There are 4 protein chains.
Amino acid sequence: MKNKLPIGILGATGMVGQRYIQLLENHPWFEVAWLAASDRSSGKPYGEAAKWRLDTPLPERIARMTVSPAETAGAPKIIFASIDAAYARELEPLFAAAGCAVVSNSSAFRMAPNVPLVLPEVNADHLHLIEEQSWRKESGGYLVTNSNCTVMGPVLALKPIADRFGIEQIFATSMQAVSGAGYPGVASMDIFDNVVPYIPNEEEKMEEEMLKLLGTLELNPAGHVVKPLQARMSASCNRVPVIDGHTVSVSIKLGKPAMREEILDAWVEFRPLAGQDLPTAPDQPVQWAPQPDRPQPRLDRNRGNGMAVTVGRLRPCGVLDWKFTVLSHNTIRGAAGATILNAELLASLGKLS
Amino acid sequence: MKNKLPIGILGATGMVGQRYIQLLENHPWFEVAWLAASDRSSGKPYGEAAKWRLDTPLPERIARMTVSPAETAGAPKIIFASIDAAYARELEPLFAAAGCAVVSNSSAFRMAPNVPLVLPEVNADHLHLIEEQSWRKESGGYLVTNSNCTVMGPVLALKPIADRFGIEQIFATSMQAVSGAGYPGVASMDIFDNVVPYIPNEEEKMEEEMLKLLGTLELNPAGHVVKPLQARMSASCNRVPVIDGHTVSVSIKLGKPAMREEILDAWVEFRPLAGQDLPTAPDQPVQWAPQPDRPQPRLDRNRGNGMAVTVGRLRPCGVLDWKFTVLSHNTIRGAAGATILNAELLASLGKLS
Amino acid sequence: MKNKLPIGILGATGMVGQRYIQLLENHPWFEVAWLAASDRSSGKPYGEAAKWRLDTPLPERIARMTVSPAETAGAPKIIFASIDAAYARELEPLFAAAGCAVVSNSSAFRMAPNVPLVLPEVNADHLHLIEEQSWRKESGGYLVTNSNCTVMGPVLALKPIADRFGIEQIFATSMQAVSGAGYPGVASMDIFDNVVPYIPNEEEKMEEEMLKLLGTLELNPAGHVVKPLQARMSASCNRVPVIDGHTVSVSIKLGKPAMREEILDAWVEFRPLAGQDLPTAPDQPVQWAPQPDRPQPRLDRNRGNGMAVTVGRLRPCGVLDWKFTVLSHNTIRGAAGATILNAELLASLGKLS
Amino acid sequence: MKNKLPIGILGATGMVGQRYIQLLENHPWFEVAWLAASDRSSGKPYGEAAKWRLDTPLPERIARMTVSPAETAGAPKIIFASIDAAYARELEPLFAAAGCAVVSNSSAFRMAPNVPLVLPEVNADHLHLIEEQSWRKESGGYLVTNSNCTVMGPVLALKPIADRFGIEQIFATSMQAVSGAGYPGVASMDIFDNVVPYIPNEEEKMEEEMLKLLGTLELNPAGHVVKPLQARMSASCNRVPVIDGHTVSVSIKLGKPAMREEILDAWVEFRPLAGQDLPTAPDQPVQWAPQPDRPQPRLDRNRGNGMAVTVGRLRPCGVLDWKFTVLSHNTIRGAAGATILNAELLASLGKLS
């Protein structure tokens, strides 16, 4: 792929926007060509408009690029979006209507019936929903979303189990990193030496997105729809003093009995993207940590360049059937990397040309 | 009570030992009279033997006391113990056999059939088990224990609910402070910017102690026994970067339906020690925090001088019936304060004279 | 003092405003009577307007008080102020002109020639400057300030040394807590696992306020003026991941030689407020910690109810003469407590009636 | 260099030992061939003996290697050592006597007159001291050391300034990361929400090593000796809650006046190893950060793969001439990487064959 596809970033100065830039530096298929942010930043060089918070240097080329207003004029045809839901609700349809492929990390349209909420390893087939979108029919543009950063780890860990044994009940308690709240996000006075047992709307998102992601695409007379997984689900979300990496304690009730080894096999053998050569896809998306005290965010969040999730502590549950801990890098696997992987999947399906 | 009762502390240099000293300073009934620790410390002035880690000054009188060897000779008749299980298994029976009232925070004998595992607000009647102990019959000595620091918060929150509605299933995920592991305990390299999803034996302790604490005292032909609560229970324990205060996410299935207000009433009206004038007992042992983002360890752990637990976020659970968050100060309510309150209860029952 | 003096708080919802409320609860002389904050908060009950971040409960009476607009109408005659410099520059003169005693923690007027910058133990005589203020002459109102939170610890430690030996050069490197930046203040993403070696304007404030505090009141033909200490001073300020408590490494060159014991004596014997019975004044304002690894913020910040500063590690300096570490509680001794102590001093001098 | 040189690691299970392994994975010249540790670990597979604390996976090949006893029999001819001073004092001479090139991070012999204390960018010529060692003459073996982790950043920043302007006085206040204390090292109870203003022997090491590193090699009748820099130096060392990266506030008095731009030029133009192609040497060892609030450990410690130091905040000093902040990665640039770079320099000089 000699000529890289030009990418526009909507919400370029935020934490996820910064990760897009970091992860796309040296990307073999994509190249950052346009950076948009709020009016406050628009017109400034990116290096001045953004408070770069990552531990790799801001690429010089990007630092010099001028931040554009969040308007369709002049934007490239592929847009990576990560903006507040209120803005996304207004802006993303404008870009889709203007013929852009909007690959979004925003939460605004994830649960819309004709918008695919996709994690390539889990439900790539849900992308068919694009064809139900009126934008697609009219301008060629469309909108694809990835999930909330917290649901990403559990859903990857649960997919191979759901496929083999079925899942009837899910119990998930999260311990989430501060980077999930963006920048400035969580005040240090709120989280030092502390746990905050509440993140607005997070439990609701986690519950509904989990069931949509694990749902099945069905063809109705009216077109394709996603039927959510029929399972009971309860999420409890907590913020803890960790920079990156969401840890989730998960318990599940299965549709049919499974031995411990069978679950481990399901994880190890889960390589749904094998052979597709998507640059950002990890070889082993779900990695089993055999040590008794893993996964841990500081030690495991960067596995697979931040795109693999780590599972550990599989053991019987006294209330449901099995419990385990799953960890994922919330701003890579759970946000920017997820968008990029969705875009790679779309590219490989010929939907970005 | 003009003449204070002399107290000996077994394990005086540890984190809980330090809390005993801090909490007994100015105690109206008790006075620290004897400090014992390992051979390494024995013979030294306490101020030299202990690395004092609390943020109130080490009392001068205590600093000058000489640390005794962990032997019964010279020990007072009331012993507060907080030592490693391996040592407790050996030492606590010696003190009980020597006629001491051993009020212990150690885990060694908590689950022994004739040892009461008591939290005064929850199961004061279990103290009858003392009379089943052969030490009691022979020397007058006995052994009473308090629970693990993590189970203390949930059990206080669950007791009034169990009494009114019954509890059939319990799901608890803890986020535990580092002080729970003693000193030096958790290495900073292990817990900075991290969560450790494993604490050895903690989940087992939490599950079995919960059911014993909520169990009922029954009279068999062979004597008194505690019949554990018949409920399914699943605990998941995590260490988080917090100094003091264990936060626990709890979900429960009730024996019969309860409205939200009924559960709140159960908590607010729960004052089982009212009128008993135990000096360390909080007026309101279970305090409801109405804010959506509470309880939080840094802000709520010191309620009731560290002896009250705080509950918040009561909401329906998608898998069981109700879920909530409970917080308790792990080295006060969950350890040193629990021992002291047990001793106060014993004193008020005339069992310390 | 049967009838307590009514106090108004300007900037009542901020971190220092909250500390005023906390420290004035049960104050023997003063009573909070009026709470003012920005237009955003004005008109709301305080409990709703303020995000209470302290670990003692917000007093019920205060929670129910309605927040007033920051206007002189209806304000009591004693105002404790802690607001941003830009607002202080405009508002504090209005209150002084309206006849109020404005006792301020704001930085706006600290260096103004006729405004006393006072720490009662250090330079109580500077209060004479009040009489130079035109407000005082016209309405009886006046303005008194306390210093920046970082300079407070070093200046208390240096005052007794300056008195006995003289000080010619001062080198101070601070490690400051996040609470010094107010709320929300420092983003957790900025300070977790990090040091920020810069706090805007802090080094300048520290240098100039130090010299004014240690300066001498002189009577010129034009009236009283403060002649700053003639010393060279260099401050380097850093933010570290600590909640409360500023630690400062200090090196000094003396005017004449001093032995180690002489400096320790100077600290121990420094009790300039002895016998004055100011309720908030600590018995021993500068406390020497003999341990090799003290002072430490978590263990020493609450000495003297947060009003004593702790010094330790006195040792020869390879460049200047002596070096040591000093710690003070930045929102108590360094801010709210300093204002209250200034007000107590003013009351004892009959300037608040 | 087709056949890599086999390297032995003495102290392989410690924090620096782990970094050796991490940094030598894929090293073009060196290959880990032998791992030695204490008797407790000896005989076990490395993966079992070491508690791996780095966020990249332990290489499989290394995990399977058996840990050797710390004896010369069977050891390769190049030894990277990082062990406690007490052990180093005994063991390192044995390996040198056995003909090994001992490239050490241990502190035991750094100040020995005939042992080079070398940082390749600063004083490569001090390696001549090797020829003064009796081991060298007898067995061919020798001992080379790198400095303490805290002095490394300041000395790199000061070298180009010393060369151009001379340095007469140095004032350094450190804020050091917990990884510098090894594992388990600093207890979380000691450092959460805290600063510890004392690290045993650290200030002494920093002062004496700084002057030796910046000293000059002279030829006396008795052989080569290093004459330390004639400067006054004062170091104050503090531990702060940071995982990796030592931040140091530095003030200096120069031998002759320098403008700000001249100092910046000295840093930017400082490339003493240019053209030598040492694999671990950073292109730009001292990197200037122009932002007002840098360097910061979390954002800058990985520059140059952890081998570059970052300087910022150059400004006039009120006591000496100039002050600035310098940051270096303490376990890479300040320890393991320093040893490796010394070995690369020795290899390029033909001293490892």
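Hey, rough spin-label estimate for C:Asp277 and A:Glu131, points 7 angstrom out along Cα→Cβ, what's it come to in nanometres?
9.1 nm
Between copies, how close do the D:Asn26 label points come, placed 7 Å along Cα→Cβ, listed in nm from shortest?
Between copies, matching label points for D:Asn26 lie 0.8, 6.1, 6.2 nm apart.
Skipping prolines and chain starts, which residues have an amide H placed within reach, meaning under 5 Å, of the one on C:Gly255, given they are 5 or more residues away or on another chain?
It is C:Gly166, C:Ile167, C:Glu168, by chain and number.
Show which lysines lie in cross-link reach of A:Lys323 when reach means a straight Cα distance below 21 angstrom and same-chain residues fewer than eight apart are skipped.
A:Lys159, A:Lys253, A:Lys256, B:Lys205, B:Lys253, B:Lys323
What residues from the stretch A:325-353 fall in the zone where the backbone N is under 12 Å from a label point 7 Å along the Cα-to-C-beta line of A:Ala33?
Residues A:353 qualify, since their backbone N sits under 12 Å from the label point.
Expressed as an acute angle from 0 to 90° and rounded to the nearest 10, what is the orientation of the C-alpha long axis of helix D:85-97 relative to the principal long axis of chain D?
60 degrees
Give me, ordered by chain and number, the residues 5 or more places off C:Tyr142 or on other chains with an amide H under 5 Å from its own placed amide H.
Distant-sequence amide H within range of C:Tyr142: C:Cys100, C:Ala101, C:Val102.
Does the stretch B:107-245 come out rounded, prolate or oblate, given a ≥ b ≥ c as the square roots of the eigenvalues of its C-alpha gyration tensor, rounded meaning a/c under 1.5 and, failing that, prolate meaning a/b above b/c?
Judged from the Cα gyration tensor, the stretch B:107-245 comes out oblate (a/c at least 1.5, b/c at or above a/b).
Please list, ordered by chain and number, the residues whose modelled amide H lies under 5 Å from the amide H of B:Ser236; skip anything fewer than 5 residues away on the same chain.
B:Ala172, B:Thr173, B:Ser174
With everything on Cα atoms, drop me the angle between helix A:15-24 and the longest principal axis of chain A, reported from 0 to 90° to the nearest 10.
80 degrees
Along the stretch A:119-131, what does the Karplus equation 6.51 cos²θ - 1.76 cosθ + 1.60 (θ = phi - 60°) give for ³J(HN,Hα), rounded to whole Hz, x for Gly and Pro?
Calculated HN-Hα couplings, in order: 10, x, 6, 9, 8, 4, 5, 5, 4, 4, 4, 3, 5 Hz.
How far apart, in nm, are two points set 7 Å out from the Cα along the Cα-to-Cβ line at D:Ser42 and at C:Arg61?
The answer from the label model is 7.3 nm.
Taking a ≥ b ≥ c as the square roots of the eigenvalues of the Cα gyration tensor of the protein assembly as shown, is the shape rounded (a/c under 1.5), prolate (a/b larger than b/c) or oblate?
Working: a/c = 1.18, a/b = 1.02, b/c = 1.16.
Since a/c stays below 1.5, the shape of the protein assembly as shown is classed as rounded.
If one takes the longest principal axis of the Cα atoms in chain C, at what angle in degrees, from 0 to 90 and to the nearest 10, does the Cα axis of helix C:149-165 lie?
The answer is roughly 50 degrees.
Using the number of other C-beta atoms within 10 angstrom as an exposure proxy, rank C:His126, A:His27, C:His329 with the fewest first.
Least crowded to most crowded, the residues run A:His27, C:His126, C:His329.
Would you mind counting up the charge near D:Ala289? Only other residues with Cβ under 10 Å from its Cβ, with Lys and Arg at +1 and Asp and Glu at -1.
Spelling it out: positives minus negatives among the neighbours equals +1.
State whether the stretch C:149-329 is rounded, prolate or oblate according to the following rule on the C-alpha gyration tensor (a ≥ b ≥ c being the square roots of its eigenvalues): a/c under 1.5 gives rounded; otherwise a/b larger than b/c gives prolate, and the remaining case gives oblate.
rounded
What are the ³J(HN,Hα) values, in whole Hz, obtained from phi via the Karplus relation 6.51 cos²θ - 1.76 cosθ + 1.60 with θ = phi - 60°, for each residue of the stretch D:67-84 in sequence order, with x given for Gly and Pro?
3J(HN,Hα) across the stretch D:67-84, in whole Hz: 6, 8, x, 7, 10, 6, 4, x, 7, x, 7, 10, 10, 9, 10, 8, 9, 4.
Give the lysines reachable from D:Lys77 as a straight Cα distance under 20 Å; neighbours fewer than 8 places away on the same chain don't count.
D:Lys2, D:Lys4, D:Lys137, D:Lys351
So what J values fall out for the stretch B:205-211 if you push phi through Karplus, 6.51 cos²θ - 1.76 cosθ + 1.60 with θ = phi - 60°, rounded to Hz, Gly and Pro as x?
Karplus values, whole Hz, x for Gly and Pro: 4, 4, 5, 6, 5, 4, 6.
Going by how many other beta carbons lie within 10 Å of each one, how would you line up D:Thr56, B:Thr13, fewest first?
Least crowded to most crowded, the residues run D:Thr56, B:Thr13.
Point me to the residue of chain C whose C-beta lies closest to the C-onto-B rotation axis, rounding the distance to whole angstrom.
For the rotation taking chain C to chain B, the closest Cβ gives C:Asp193, 3.
Would you kindly calculate the mean projected area, averaged across all directions, of the convex hull enclosing the Cα atoms of chain C, in square nanometres? Walk me through the numbers before you get to the answer.
Details: hull surface 70.0 nm².
Directional mean of the projected Cα hull area for chain C stands at 17.5 nm².
List the distances, in nm to one decimal, from the label point of D:Arg61 to the label points of the same position in every other copy, shortest first, placing each label point 7 Å from Cα along the Cα-to-Cβ direction.
So the label point of D:Arg61 gives 3.4, 6.7, 7.5 nm to the other copies.
Quick one: among B:Ser188, B:Ser41, B:Ser68, which has the greatest mean-square fluctuation in a GNM of chain B with alpha-carbon springs under 10 angstrom?
Of B:Ser188, B:Ser41, B:Ser68, the Gaussian network model singles out B:Ser188 as fluctuating most.
List the trypsin sites (Lys or Arg not before Pro) within the stretch C:1-66 that DSSP assigns to loop and that have no more than 10 neighbouring Cβ atoms inside 10 Å.
Numbers: sites: C:Lys2, C:Lys4, C:Arg19, C:Arg40, C:Lys51, C:Arg53, C:Arg61, C:Arg64; in loops: C:Lys2, C:Lys4, C:Arg40, C:Lys51, C:Arg53.
Filter output for the stretch C:1-66: C:Lys2, C:Arg40.
Enumerate the aspartates and glutamates that D:Lys51 could reach by cross-link, defined here as Cα to Cα under 14 Å, with residues fewer than 8 away along the same chain left out.
Partners within reach: A:Asp293, B:Asp190.
Every read-out reported here was derived from the displayed coordinates using simple, explicitly stated rules and does not represent laboratory data. Since the structure is predicted, the reported quantities are computational estimates derived from the model, not experimental observations. Neighbour counts run over all protein chains shown; Cβ positions are idealised from the backbone, glycine included.
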